[in-house]
Amino acid sequence: MLEEHANVVRVVSLAGEVTGRKKLQKIVYIAKKLNYPFHEKYHFHMYGPYSEELTMRVEELCTMGFLTERKEDKGSYQQYRYEVTDKGTTFTESFCKEAGGLPQIIKELNTQSARFLELVSSLLYFDELSREQQIVKVRTVKAKLNFTDEEFEHAFTFMTKLNQFKNN
(Lines give C-alpha, C1' and ligand atoms only; values in the text may rest on other atoms or scores of the structure.)
Protein backbone atom coordinates (compact mmCIF):
# COMPACT_ATOMS: atom_id res chain seq x y z
CA MET A 1 0.00 0.00 0.00
CA LEU A 2 2.72 2.49 0.88
CA GLU A 3 4.52 1.63 -2.35
CA GLU A 4 1.46 2.81 -4.30
CA HIS A 5 1.53 6.10 -2.38
CA ALA A 6 5.27 6.42 -3.02
CA ASN A 7 4.76 5.87 -6.77
CA VAL A 8 2.44 8.88 -6.92
CA VAL A 9 4.92 11.04 -5.01
CA ARG A 10 7.63 9.83 -7.41
CA VAL A 11 5.62 11.04 -10.41
CA VAL A 12 5.30 14.53 -8.95
CA SER A 13 8.98 14.47 -7.98
CA LEU A 14 10.07 13.52 -11.50
CA ALA A 15 7.84 16.24 -12.96
CA GLY A 16 9.15 18.88 -10.55
CA GLU A 17 5.64 20.27 -10.26
CA VAL A 18 2.32 19.20 -11.75
CA THR A 19 -0.21 21.89 -12.56
CA GLY A 20 -3.77 20.63 -12.42
CA ARG A 21 -5.65 17.70 -11.00
CA LYS A 22 -6.71 16.58 -14.47
CA LYS A 23 -3.12 16.63 -15.67
CA LEU A 24 -1.94 14.53 -12.72
CA GLN A 25 -4.73 12.01 -13.40
CA LYS A 26 -3.71 11.73 -17.05
CA ILE A 27 0.03 11.44 -16.34
CA VAL A 28 -0.51 8.55 -13.92
CA TYR A 29 -2.99 6.86 -16.28
CA ILE A 30 -0.66 7.07 -19.27
CA ALA A 31 2.26 5.75 -17.19
CA LYS A 32 0.03 2.89 -16.04
CA LYS A 33 -0.89 2.10 -19.66
CA LEU A 34 2.86 1.97 -20.40
CA ASN A 35 3.06 -0.81 -17.77
CA TYR A 36 4.65 1.18 -14.97
CA PRO A 37 3.62 0.01 -11.48
CA PHE A 38 0.46 2.01 -10.88
CA HIS A 39 -2.50 0.07 -9.55
CA GLU A 40 -5.23 2.68 -9.39
CA LYS A 41 -8.50 1.64 -11.02
CA TYR A 42 -9.78 3.96 -13.74
CA HIS A 43 -13.12 4.43 -15.42
CA PHE A 44 -14.12 6.73 -18.25
CA HIS A 45 -15.36 10.07 -16.98
CA MET A 46 -16.20 13.50 -18.32
CA TYR A 47 -12.51 14.39 -18.82
CA GLY A 48 -11.40 10.93 -19.93
CA PRO A 49 -9.93 8.21 -17.72
CA TYR A 50 -10.39 9.07 -14.03
CA SER A 51 -9.42 7.31 -10.81
CA GLU A 52 -11.23 7.98 -7.56
CA GLU A 53 -8.43 5.98 -5.88
CA LEU A 54 -5.81 8.41 -7.18
CA THR A 55 -7.83 11.39 -5.97
CA MET A 56 -8.03 9.85 -2.48
CA ARG A 57 -4.34 8.92 -2.54
CA VAL A 58 -3.30 12.48 -3.44
CA GLU A 59 -5.46 13.85 -0.60
CA GLU A 60 -3.83 11.39 1.81
CA LEU A 61 -0.34 12.34 0.59
CA CYS A 62 -1.09 16.02 1.15
CA THR A 63 -2.46 15.27 4.64
CA MET A 64 0.65 13.20 5.46
CA GLY A 65 2.88 16.07 4.33
CA PHE A 66 4.48 14.27 1.38
CA LEU A 67 2.90 16.55 -1.25
CA THR A 68 1.86 20.18 -1.17
CA GLU A 69 -1.28 21.30 -2.95
CA ARG A 70 -1.55 24.99 -3.79
CA LYS A 71 -4.87 26.29 -5.00
CA GLU A 72 -4.80 29.25 -7.37
CA ASP A 73 -7.84 31.31 -8.27
CA LYS A 74 -7.96 31.73 -12.03
CA GLY A 75 -11.20 33.75 -12.04
CA SER A 76 -13.65 31.30 -13.55
CA TYR A 77 -11.96 28.20 -12.09
CA GLN A 78 -9.52 26.94 -9.46
CA GLN A 79 -6.19 25.46 -10.49
CA TYR A 80 -4.11 23.17 -8.27
CA ARG A 81 -0.33 22.79 -8.21
CA TYR A 82 1.41 19.80 -6.68
CA GLU A 83 4.97 19.63 -5.43
CA VAL A 84 6.91 17.12 -3.35
CA THR A 85 8.05 18.11 0.14
CA ASP A 86 11.40 17.10 1.67
CA LYS A 87 9.47 14.56 3.70
CA GLY A 88 7.99 13.21 0.46
CA THR A 89 11.43 12.88 -1.13
CA THR A 90 12.67 10.81 1.81
CA PHE A 91 9.52 8.71 1.62
CA THR A 92 9.94 7.85 -2.07
CA GLU A 93 13.60 6.95 -1.63
CA SER A 94 12.50 4.25 0.82
CA PHE A 95 9.97 2.61 -1.49
CA CYS A 96 10.54 3.36 -5.17
CA LYS A 97 12.72 1.33 -7.45
CA GLU A 98 14.11 3.09 -10.49
CA ALA A 99 11.91 2.29 -13.47
CA GLY A 100 13.70 2.50 -16.81
CA GLY A 101 12.47 5.33 -18.98
CA LEU A 102 9.99 6.66 -16.43
CA PRO A 103 11.86 9.93 -15.70
CA GLN A 104 11.89 10.83 -19.40
CA ILE A 105 8.26 9.84 -19.85
CA ILE A 106 7.04 11.89 -16.87
CA LYS A 107 9.01 14.95 -17.97
CA GLU A 108 7.63 14.63 -21.50
CA LEU A 109 4.05 14.17 -20.28
CA ASN A 110 4.35 17.16 -17.95
CA THR A 111 5.32 19.45 -20.85
CA GLN A 112 2.01 18.72 -22.59
CA SER A 113 -1.29 20.50 -22.07
CA ALA A 114 -4.06 18.87 -20.06
CA ARG A 115 -6.22 18.94 -23.21
CA PHE A 116 -3.63 16.98 -25.20
CA LEU A 117 -3.14 14.49 -22.35
CA GLU A 118 -6.92 14.06 -22.24
CA LEU A 119 -6.82 13.09 -25.92
CA VAL A 120 -3.87 10.70 -25.48
CA SER A 121 -5.33 9.04 -22.38
CA SER A 122 -8.74 8.69 -24.06
CA LEU A 123 -7.15 7.00 -27.07
CA LEU A 124 -5.24 4.68 -24.72
CA TYR A 125 -8.45 3.88 -22.85
CA PHE A 126 -9.82 2.47 -26.10
CA ASP A 127 -6.55 0.83 -27.18
CA GLU A 128 -8.23 -2.55 -27.78
CA LEU A 129 -9.87 -0.95 -30.83
CA SER A 130 -8.23 -0.32 -34.20
CA ARG A 131 -6.75 3.13 -34.77
CA GLU A 132 -9.73 4.17 -36.90
CA GLN A 133 -12.20 2.88 -34.30
CA GLN A 134 -10.32 4.72 -31.54
CA ILE A 135 -10.65 7.98 -33.45
CA VAL A 136 -14.38 7.43 -34.04
CA LYS A 137 -14.92 6.52 -30.37
CA VAL A 138 -13.01 9.55 -29.04
CA ARG A 139 -14.75 11.86 -31.51
CA THR A 140 -18.05 10.50 -30.17
CA VAL A 141 -17.34 10.70 -26.43
CA LYS A 142 -15.31 13.92 -26.70
CA ALA A 143 -17.38 15.66 -29.37
CA LYS A 144 -17.36 19.00 -27.54
CA LEU A 145 -13.56 19.21 -27.75
CA ASN A 146 -13.55 19.05 -31.58
CA PHE A 147 -10.18 17.33 -31.89
CA THR A 148 -8.71 17.82 -35.36
CA ASP A 149 -7.13 15.20 -37.61
CA GLU A 150 -3.78 16.86 -36.87
CA GLU A 151 -4.30 16.49 -33.11
CA PHE A 152 -5.09 12.80 -33.53
CA GLU A 153 -2.00 12.31 -35.68
CA HIS A 154 0.13 14.17 -33.14
CA ALA A 155 -1.31 12.02 -30.32
CA PHE A 156 -0.46 8.75 -32.10
CA THR A 157 3.06 10.00 -32.90
CA PHE A 158 3.45 11.06 -29.26
CA MET A 159 2.39 7.61 -28.00
CA THR A 160 5.01 5.99 -30.25
CA LYS A 161 7.63 8.36 -28.82
CA LEU A 162 6.63 7.44 -25.25
CA ASN A 163 7.01 3.74 -26.04
CA GLN A 164 10.51 4.42 -27.38
CA PHE A 165 11.46 6.13 -24.08
CA LYS A 166 10.16 3.10 -22.24
CA ASN A 167 12.42 0.79 -24.19
CA ASN A 168 15.54 2.88 -23.49
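The values are calculated or read from the model by the stated rules, or taken from the named source; none is laboratory data. Note that the structure is a prediction, hence the values are computed from the model and not measured. We place every Cβ from the backbone using ideal geometry, glycine too, and count neighbours over all the protein chains shown. Accessible surface areas use protein heavy atoms only, side chains included; no ligands, DNA or RNA. Shrake-Rupley method; radii C 1.70, N 1.55, O 1.52, S 1.80 Å.
Summary of computed values
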{"item": "Chymotrypsin sites (Phe, Trp or Tyr not before Pro) within the stretch 1-87: DSSP coil, no more than 14 neighbouring Cβ in 10 Å", "result": "Tyr77"}
{"item": "Pairwise FRET efficiency - Lys41 versus Asp86, Cβ, R0 = 35 Å, nearest 0.05", "result": "0.70"}
{"item": "Accessible area (Å², per residue) of the chain, counting only protein heavy atoms and a probe of 1.4 Å", "result": "53 Å²"}
{"item": "Segment Thr160-Glu98, extension gain: residue separation times 0.36 nm, minus the distance between their alpha carbons", "result": "20.1 nm"}
{"item": "Global form of the stretch 66-147, assessed from the alpha-carbon gyration tensor, a/c cut-off 1.5", "result": "oblate"}
{"item": "Cα gyration tensor category, rounded, prolate or oblate, for the stretch 44-87 with a/c compared to 1.5", "result": "oblate"}
{"item": "Ranked packing of 20-27, 103-110, most packed first, by mean Cβ within 10 Å", "result": "20-27, 103-110"}
{"item": "Links that overshoot a 24 Å alpha carbon limit, given the list Lys137/Lys166; Lys41/Lys142; Lys74/Lys166", "result": "Lys137/Lys166; Lys74/Lys166"}
{"item": "Heavy-atom accessible surface of the chain: percent carbon and sulfur, 1.4 Å", "result": "51 percent"}
{"item": "Extension reserve of the Cys62-Leu145 stretch, reckoned as 0.36 nm per residue once the Cα distance is removed", "result": "26.7 nm"}
{"item": "Relative contact order %, the chain, counting alpha carbon pairs below 8 Å whose residues are six or more apart", "result": "28 percent"}
{"item": "Protection proxy ranking of 127-133, 59-65 - average other beta-carbon atoms within 10 Å, highest first", "result": "59-65, 127-133"}
